[in-house]
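Since the structure comes first, as structure tokens, the remarks are kept for the end.
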Amino acid sequence: MKRLGGVVLLCLLASGCASVRTLDAAKPGAPLVYSGTRLDLYALQGGCCAMDRFGAEAPGYPGLDLPGSLLLDTLLLPLSLLTAIGVGFQATGGL
């Protein structure tokens, strides 16, 4: 369990994590479900226009990023599915 937490933390802290980049971009019309994994695969296949398609640049080493993005995308799958079908979350913090 500690190893899993370490992998997730490493992925979140990595500046090149495709999942974090695509979730942060929130480009209208961009893929939501497994977006980081899809961005890595797109980059591995030589995709030319990641910014236009995903709203984020591909990481420098998509092959290294792919396992972490796959794990993080799987953990966030329930939220991304709800967002894809139109359920919005308007959470606020503080008092």
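The values are calculated or read from the model by the stated rules, or taken from the named source; none is laboratory data. Note that this is a predicted model, so its numbers are computed, not measured.
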Scanning the range 43-56 residue by residue, those under 14 Å from CYS17 (Cα atoms) and at pLDDT 90 or above turn out to be ALA43
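It is to be established whether one or more residues within the range 68-90 are part of a loop (DSSP other than H, G, I, E, B), among the hydroxyl-bearing types (Ser, Thr, Tyr) and at pLDDT 85 or above.
Of the range 68-90, the ones part of a loop (DSSP other than H, G, I, E, B) are 76, 85-90.
Of the ones still in play, those that are also among the hydroxyl-bearing types (Ser, Thr, Tyr) are none.
No, the range 68-90 has no match at all.
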